[in-house]
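Trainee: Could you have a look at this structure, given as structure tokens, before my questions?
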Amino acid sequence: MIFLRRQVPLLITLITGIVFAAQYYVPHPASEQMLTSVTKWLQIIGGFALVLGVSSLFQVHAVKIRRKEAGWGYSFVLYVSMLGTIAVGFWSNGKEAVDGAMTAFGWIYNFMMVPLQGTMFAILAFFIASAAYRSFRARSREAAVLLIAAVIVMMGRVPLGEYLIPISGDLSQWILNVLNASVRRAILIGVSLGTVALSIKIIFGMERSYLGGGKE
Amino acid sequence: MAIEIIIGAWVATGLTLFIFTFLYKDNPLFKLAENLYVGVSVGYTIIKTYDTVVVQLIWRPIVENGEWALLVPVAIGMLMLTRYVPKAAWISRYAFAFIVGVGSGLAIPRTISSFILKQIEDTVRPLLTLVPGEGVTFTWSLLNPSSSLNTIIILIGVSSVLFYFFFSVEHTGPGKVVARTGIIFLMIAFGAAFGYTVMARMSLLIGRLTDLIEFTDPSYGRPSFWLAGLTILMLVVMARRSSSKQSKEEEK
């Protein structure tokens, strides 16, 4: 049984890992076709992963409503809005517009989801500003450098900033395209080396946490 | 104007104002809008995933083109759902093993090629440029990211930041200078990222305020004015209720 529970999953990982790593070095139409197919397969399997996540959300809020815990009314709102959107989505065949005309699903997207999402992220502007006021004071040389770079980039991205400090536009572009790019590049190289190392560990069974705990 | 657009304007204005009430303090109006947002977003994602995965990737290819091989990923996906049956939960490992194996296999050569070798190639560039007729030149322009001067700055930046994150060598002596240079580069990049994020959020805020201004138009029935008044009124009533409740508790 341990063979089925533990060894077979490791074997699947080993074989698929080696096959798809090797695929990159085989410039044959069949190899390309295999890559196209597996990309589609991963999308399909990912859809089932969503079922797992959503069912967990359903369960958490269902328990809250059933036990009438504090704030259960909000869970009810969440349930109703979710089921309502799903029902309207099915009714509109998942399309926001048909022949240029907005469907009911498109209405939910345009007049509920977009304003809610936009405003939710927009209020972060206020909190970022207040957090910046509290934490951005130039307490050290490094903090001063961070503060100056942030101010230059902010000034350089609005007409008023460029009007007040004419050089801020060019300076902002230089910071973003050269200094920022060099740091991003270094971080990307570091992260990529880590990704490759982790992938090799996974393929050869040294990293097994993705199999989860539980019985062997 | 179409009635659904007018109703939409009222709903969008109301929800926008409800979210903005959080700037005053956490309150039931915000919580209502917040949960509505989660519900609508999850519902939207479910429908979009259903349309993309079930309809476009499974149903149509199988029914219209007879691509029966697609039943294999469906079967693998179904294995994931065995998580709900405690005794059979281990079967879901096969699905995870497949996803992780394929993902790791695909990642290795592509990450090396696109993110390691390509980035190093772009970093280690010739410091001098050979211009026909002019010979070897050194370009000083800061505004041109590919100028010789910027090439040197990028090389210094990448090397020093990589060294800063290299902990196998103690950062002392010349190493300390390199690591300090890396920190300065990092701080500039964090500052730039912060400034960029703030401006992106500001842009979203301007978008929402533009909508609120547009919805003050009489053709929509001026929802921004009416609902702003109503929202403020509700906040005042709720604040009074909570203060009277608090004073009653204190009396007890």
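Trainee: Across the stretch A:82-91, in residue order, what do the Karplus-derived ³J(HN,Hα) couplings come to in whole Hz, using 6.51 cos²θ - 1.76 cosθ + 1.60 with θ = phi - 60° and x for Gly and Pro?
Mentor: Whole-Hz 3J(HN,Hα) from phi for the stretch A:82-91: 5, 5, x, 5, 5, 4, 5, x, 5, 5.
Trainee: Now for a different question. Amide H neighbours of A:Ala97 under 5 Å, at least 5 residues apart or on other chains, H built in the peptide plane: list them.
Mentor: Under 5 Å from the amide H of A:Ala97: A:Thr103.
Trainee: Hey, what do the phi angles of the stretch B:152-159 turn into as Karplus ³J(HN,Hα) couplings, whole Hz, using 6.51/-1.76/1.60 and θ = phi - 60°, x for Gly and Pro?
Mentor: 5, 4, 4, 4, 5, x, 4, 5
Trainee: Return P(r) of the protein assembly as shown (all Cα-Cα pairs; 10 Å bins starting at 0; whole %; ordered from short to long distances).
Mentor: 4, 13, 18, 21, 24, 15, 5, 1, 0, 0
Trainee: Normalised by the residues of chain A, what does the relative contact order come to in percent, with Cα pairs under 8 Å and at least six apart? Mind showing how you got there, number by number?
Mentor: Numbers: 95 pairs, mean separation 39.1, N = 216.
Contact order relative to length: 18 percent.
Trainee: Kindly provide the helix-only [θ] at 222 nm of the protein assembly as shown, computed as the sum of -39,500 (n - 2.57) over DSSP H runs of four or more divided by all residues, to the nearest 500 deg cm²/dmol?
Mentor: Working: 18 runs with 322 residues, N = 468.
Calculated mean residue ellipticity at 222 nm is -23500 deg cm²/dmol.
Trainee: Any idea what log10 I(q)/I(0) is at q = 0.07 Å⁻¹ for chain B, Debye with uniform C-alpha scatterers and no solvent?
Mentor: -0.63
The numbers here are math on the coordinates, done by the rules we state, and not lab data. Because the structure is predicted, anything quoted here is derived from the model rather than measured.
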